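Written out below as C-alpha cells is the structure these notes cover.
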C-alpha cells in the first residue's frame, strides 16, 4: 500500500483567548496531514504546535511537513517503523510535526486491518471521563468558572497556575470553596515556579486537597524533582520533563515523579507514546493522556491511545471543549458532558469537512 499523495493544511482554528503561565492563545495553530494510498485509503493526522513548550510553530511544522512528504511519497504506508525512522534520520526532534505523520500512518494501518485504531493497538473499550481546564485569570473569575463547571457535571477540574505563588494559593483555596469537597482539583504550573516557590505553594495548598501538580518547575530543574517530592504533600506529575521513552526511564530511575503526562505533540506520535507507556508500566508509574489545542480529530486519536494503554489512568482530553469556535470534524469522539465515547469505525474514525478543507492554505505532493 504505497503513498500516492500527501496534502498538508494550515489548520488554524479560532478560539476564545486561553491563558497559561507561558502566554495567551487566540487560536489553535494546528497542522493537518492527509495521506492517500494506492489502495484508495486515506489517513488523517493532526498536530497542535506550542512554541513555548515544544519549540515548534505552525510555520515550522508547515515547512517541515513538506520535506517529510517528499521523503515518503511512493513508499509503503504500512511499514510504519521504517517511515518514522526516515523522519528521525532527516531531522532531530521536531516531535509535533512528526506526530501528525505518525497519526496518519496509524489511521491507515488500522483502516487496512478493518479495525478501530484502539483494537489495532491491542486495546479494548472502557469508560473515560475527561477533566476540564481553567486558564489563568482573575481570582473571582476562575472561582466562578469552577463553580459553574461543577454545576454542569465536571468531576475533575484542572487549574492553570504558575504566574504568582501568593495568588495561586488564594485562587486554589477559592476554587475549592466554589466546587465543594467532592470535585477533584488538579493543578498545572507549566514550569512556572522555582523550587522554593513550588515548596511554598504546594505546602500551602494541602488543605485544598490537590490530586497532583503537573510540571511545577522548569524542565532544566529536573534534578530537583526528587527533593521536591520529599518536601511537599502533593504528588508530582512530569509533563515538559518527559518527551520520549528515554526521558521516562530517567525520571523513573531517579524517582523524580509520581505520574507522567503523555502527549503526542511531545513524543512524536503514537508509536513513541506506546513506548513511554511501556516504560511507565514497568516502573509502576501511572500516566495521563493530555494534549495541546487539538481539534476532535487528534482528540479522537488520543482517546484510542487511552483505550489501548491501561496504565493511562488520568484523562485530560478537553481541548475541543476549551472555547474552540469551529468544529469541522466529521465523526470522531463524542462528549456526553465530560464522558467520552469512540465510534467503532475503522482507523481513527474521524475526518474533516471537505468544504472547510477547501478554504485552508494547503500544499500537495
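Coordinate-derived values only; no laboratory data. Note that this is a predicted model, so its numbers are computed, not measured. Neighbour counts are summed over all protein chains in view; Cβ atoms, including those assigned to glycine, are modelled from backbone coordinates with ideal geometry.
A few points about this structure:
- Per-residue extension of 0.36 nm, minus the Cα-Cα distance of residue 52 and residue 334, leaves a gain of 98.6 nm for this segment.
- For the chain, built as a Gaussian network whose Cα springs stay under 10 Å, the top-fluctuating residue of 44, 68, 90: 90
- Degrees between helix 58-72 axis and first principal axis of the chain (Cα, 0 to 90, nearest 10): 40
- Burial ordering of 193, 220, 72, fewest other beta-carbon atoms within 10 Å first: 220, 72, 193
- Within region 330-360, backbone nitrogen closer than 17 Å to the virtual label 7 Å beyond the Cα of residue 124 toward Cβ: 342
- Cβ-derived FRET efficiency at R0 30 Å, residue 152 paired with residue 177, nearest 0.05: 0.95
- Using a Gaussian network model of the chain in which every pair of alpha carbons under 10 angstrom is joined by a spring, one finds that among 297, 105, 224 the greatest mean-square fluctuation is at 224.
- Cα centroid separation - region 1-48 against region 154-212, whole Å: 32
- Here the simple spin-label model places points 7 Å from the Cα toward Cβ, and for residue 227 and residue 345 these points are separated by 5.2 nm.
- Against the chain, whose longest principal axis is taken from its Cα atoms, helix 139-151 shows a tilt of about 70°.
- Result for the chain in a Gaussian network model with C-alpha springs under 10 Å: among 173, 273, 350, the largest mean-square fluctuation is at 173.
- Size descriptor for region 238-311, Kirkwood hydrodynamic radius: 12.0 Å (Cα pairs only, one decimal).
- Compactness of region 1-91 was expressed as the Cα radius of gyration divided by 2.2 N^0.38 Å, which yields 1.24.
- Entry note: the chain has Rg to Rh equal to 0.96, where both radii use alpha-carbon atoms and Rh is the Kirkwood radius.
- At full extension, residue 327 and residue 278 could sit 14.3 nm farther apart than now, given 0.36 nm per residue minus the alpha carbon distance.
- Between region 314-340 and region 64-120, the alpha-carbon center distance in angstrom: 24
- The helix-based estimate of mean residue ellipticity at 222 nm for the chain, built from -39,500 (n - 2.57) per DSSP H run of four or more residues and divided by its residue count, is -11500 deg cm²/dmol to the nearest 500.
- Acute angle (nearest 10 degrees) that the helix 165-179 long axis makes with the longest principal axis of the chain, alpha-carbon atoms: 80
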